[in-house]
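Working notes, structure below.
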Amino acid sequence: MSMRKHLHIQKFRFILSLLISTAICVQAYAGQQDVNEPEDLFEMSIEELMDVEVVSVSRRAQKITQSSAQVTVITAEDIHYSGLTNIPEVLRLAPGVDVQRLDRNRYAVSIRGFQGRLSDRILVLINGRSAGNQVFAGINWESFPVLMEDIERIEVVRGPVGAAWGANAENGMINIITKKPVDTEGLFSSTTINEYGDSYTHTRLSQISDLWSWRLSAGYEDLENSDDAGAGKYTSGSPALNGLIGFDSYTARDFSRNLRLDFEARNQYSDDTELSFGAAHSNLEMGDSEFVGYYPMEDYLTNNTRLFSRIDHRFDDGSTGYIQWFGNYFVSHAPNIIKRYSYLENDFEAQYNLAPFDGHEISFGGNVRLIRISTTNGPDIQETRFYNDPYNEQWFGLFITDRFSLTDRLTIENQVRTDWYSETDFDWSLRSSALYSLDEAKDHMMRFSFARAFRSPAVGLREATSSFIETWPGSSVFLFNTFQPTKSLVNEETWSLEGGYTGLLDKGLSVHLNSYYQRYDNILGVDIQRVGPVTNSTFVNNDGADAYGAEFEIALTKKKCRTSAWYAYNALKTDNYNESIRAGYPANHKAGLNTRLFLADEFVFNANYIYYNSIHHFDNIIVDTPVSHRLDLNLSKEFADGRGEIMIGVSDVLNKTSGPVYGIGDLTAHETPGRTFFARMQMKF
Amino acid sequence: MKNKVYILVILILLAVFVSATSMAADSDKIRERQIKAAFIYNFLKFVDWPEEKAADSNEPITIGIIGCNDFTKVLKPLEHKKIKNRNISIKYFAGYEKLKRPQEADDRQWNEKMEVLKTRHVLLLCSCDDMRFENPREIIKALEGSTVLTIGETDGFLESGGIINFLMENKKVHFEINVVAAKKNKLRISSKLLRLAKKVVQEKSP
């Protein structure tokens, strides 16, 4: 039997066992008594409550959503039982999200495609506060000062949602929400180690007193190089250039040493007023990687500091509001790529929520953001350079939303936002939705939306210049000879039509169906001009693209098990063949299957399976991303009256190694460790 | 390194399997509290407070929690609901250790804390590890005559002067009511609620 066939059989057996466990859940469902969500309990009378048994039930929120956009919530329980130690890996659990691992630290993540190391079509927030890179507008996931067991939930919202969440939420928004100090009282520690010697440790202390509560977390992550983990094999997408780029000297030095600190405090100033403030810091040293055809072989160092303070208040008439300041300071040292750059952003925002008329829920507010960007150019001619720094930029935004019931079953929600950016002037975002309930109990909801959003060109596109060694004529692969910024770039625009259905079919069984069409114009891409041996690339507003797709998700939650399955189809077609969109295309077909079994004696078995089909990148990336099957399995058990837990597991069990996955503009890529056995121990006091 | 991790995993598994430690289900405890939270929401519909505490309909109905902060989370959804057209406000006060009556003669600080508790409509005295039986008794005694609905979940709560106590029977939550204590705190409890209680402590007939 060939090796390939053997692997296919192994994969088949694992998938079959997963399906069998799902079937067990369905069988168990047939005989199960009714179970109730916490929200349902408040609707019950005393007589009904006296008949409810105290047994463990649902582990995942199954609320019927009345959101005006497609939302998936990855809960703390999903994160806990996944055993995963970084946010991008956890995001695979959400339908419609493209997650590509470029190396042990760097991920390309987006919604409905457009993923890339510097992908900038989604808005990423931590507790509602901006977490994107203000120079290149991508997301530095690896430097987020957030510990996994501090996350309460991750909201993944798909579609243009700039009207509700802020500028640049073109394809969606991901909001990482951390637990409040009152929910984490006590001392907690967690250690995860794996067979390669990687470790992820987290210690947390939370205290509650009369009016104060606070939480302090510290964590350290230590990842070995892919080379040392037996998976550092490099491949070249342009073998003819191997000698020129020194390919034989490449080693997968993608180690990571990351120290994270996170502090939050809250004060219940009065019954109606809460004050909160916090500080978080991440200090990350990591190995290098290729950057658009150039491999500097230097370590990177980033520091990320986040501060905030906020006042929430409830007024006598029931209206609520908040004012908030947050400040982010990010510094990056990447010798031979960009010697040093930093940005400091200060954001002041306020929001007020009221219900002034019958049936209307209105929110309005705005923000002012000041950004100062500083760069230091190094001596190497191949570094990316900025010549007009420091850059002082400003944002100013205003929004209003109104949600009202037109009839008992029909709810209308309108959201409008305008933003002024010092570099491109005014623009606007909109989302208008109709939510119709098919039944009185609102267990079956239809949703129709129209939305518009935009993406502004970050300073990296408008001001950065680069120059690289030239290539020779006739080659099918091009290194950018010169890279020119374009100050006159305008906003990329998008609008979408969306429809969906959410239904609670029976106790614990829910179904979600969504579909969309999205149009893009003035795509912020690259125009490549070749004249003889010289290649000149310029950031430009290219033509547009059409995107469309659909998602289906079914979830079953019972006392002893929880299982869900989803399928997403995402298509993207540019107006011109091979048009550069500075990002990757989505995997057309994605699917996920999760099963969680609550067994006897406090054992919990969890399995996650994710499938992506092959991604063809046209000219944006040299080598297509292959089909991906990923299966994670783990088993955990509580001990010491629930104060402790041990987990053992294996992630990516089907693949000895993973990848390689090529980044935008990269000529080479290397494998990363696939199948990884790990163990975790947690204690709380 | 790989072999060492495998050995570690096997040893951990062995330790788990030979362990005789009893396994309490955290999840069942959370479920129990969720059900009790729903009971508390219903209790608010069937209890009337005196005029001095019910006059201002703009003031929320306030629920204070002592002992276990777990209840704060399961009660939080009530802040989005209304009872008798009034909002509900939830607040966690402290553990029992912080509310322990001091031995010194001057317990002015403790009295001040009790005065704050008296401003609540409902006080939930939770059962948790650091609780000693005499702690709730001291607090209940201090709240006598104060118009506070005291709710507990321990044996002897009614005998200590508490008004409503949760009890478990056949994995289901029930409750018992001390009408005498309710009258001392000037509270009127609906007969419907009394009918559903497992036990009702009434005044002894002469």
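Remarks
- √(5λ) per eigenvalue of the Cα gyration tensor, chain A, largest first, Å: 39, 31, 26
- Percent carbon-and-sulfur accessible area, the range A:309-358, ignoring ligands, DNA and RNA, probe 1.4 Å: 59
- Within 10 Å of each Cβ in B:30-43, the average number of Cβ atoms from other chains: 6
- Estimated dipole of the range A:154-250 in Debye, rounded to 20 [Cβ of Lys and Arg +1, of Asp and Glu -1, Cα centre]: 420
- On the range A:140-212, 51 percent of the accessible area sits on carbon and sulfur atoms, based on a 1.4 Å probe.
- For the range A:199-214, Karplus couplings with θ = phi - 60° (6.51, -1.76, 1.60), whole Hz, Gly/Pro x: 9, 9, 10, 8, 10, 9, 10, 10, 10, 10, 10, 3, 10, 10, 9, 8
- Contact order, relative form, for the range A:79-174: 25 percent (alpha carbon pairs under 8 Å, 6 or more residues apart, mean separation divided by residue count).
- Using a 1.4 angstrom probe on protein heavy atoms only, the contact between B and A buries about 4600 square angstrom of accessible area, both sides summed.
- Loop chymotrypsin sites (Phe, Trp or Tyr not before Pro), the range A:78-151, which have at most 14 other Cβ atoms in a 10 Å radius of their Cβ (DSSP): none
- Relative contact order for chain A: 13 percent, from Cα pairs under 8 Å spaced at least 6 residues apart, divided by residue count.
- Listed peptides A:320-326, A:497-503 by packing density, highest first (mean Cβ within 10 Å): A:497-503, A:320-326
- Size of electric dipole in chain A: Cβ of Lys, Arg +1 and of Asp, Glu -1, about Cα centre, debye, nearest 20: 1580
- Hydrodynamic radius by Kirkwood, which averages 1/r over all alpha carbon pairs of the range A:516-561, in angstrom: 14.8
- Unit Cα scatterers, Debye sum, the range A:556-681: log10 I(q)/I(0) for q = 0.09, 0.10, 0.21 Å⁻¹: -0.39, -0.47, -1.18
- Test item: B:78-91 mean partner chain Cβ contacts at 10 Å: 1
- Taking the convex hull of Cα positions in the range A:590-650, its mean projected area over all directions (nm²): 5.6
- Residue-averaged 222 nm ellipticity for chain A, from DSSP H runs of 4+ at -39500 (n - 2.57), nearest 500: -2500 deg cm²/dmol
- Each Lys and Arg Cβ is given +1 and each Asp and Glu Cβ -1; about its Cα centre, the range A:567-685 then shows a dipole of about 200 debye.
- Cα Rg over Rh - the range A:161-276, Kirkwood: 1.20
- Dipole of the range A:228-379 computed with +1 at Lys/Arg Cβ and -1 at Asp/Glu Cβ about the Cα centre; of A:Phe357, A:Trp325, A:Tyr250, farthest Cα towards the positive end is A:Tyr250.
- Beyond 15 Å, the tail of the calculated P(r) for the range A:156-216 holds 67 percent of the Cα pairs.
- Placing unit charges on each Cβ (+1 for Lys and Arg, -1 for Asp and Glu) gives chain A a dipole about its Cα centre, and among A:Phe552, A:Leu633, A:Tyr196 the Cα reaching farthest toward its positive end belongs to A:Tyr196.
- Qualifying chymotrypsin sites (Phe, Trp or Tyr not before Pro) for the range A:507-609 [loop in DSSP, other Cβ within 10 Å: at most 14]: A:Tyr577
- Shielding by partners - mean other protein chain Cβ count within 10 Å, residues of A:671-677: 1
- Evaluated at q = 0.16 Å⁻¹, a Debye calculation over the C-alpha positions of the range A:104-225 (equal weights, vacuum) places log10 I(q)/I(0) at -0.89.
- Cβ-based charge dipole, the range A:529-685, positive-most Cα from A:Ala583, A:Asn541, A:Ile610: A:Ile610
The values are calculated or read from the model by the stated rules, or taken from the named source; none is laboratory data. Computed from a predicted structure; not experimentally measured. All Cβ positions, glycine included, derive from the backbone under ideal geometry; neighbour counts span all protein chains shown. We work out accessible area using only protein heavy atoms, side chains counted, and drop any ligands, DNA or RNA first. Shrake-Rupley method; radii C 1.70, N 1.55, O 1.52, S 1.80 Å.
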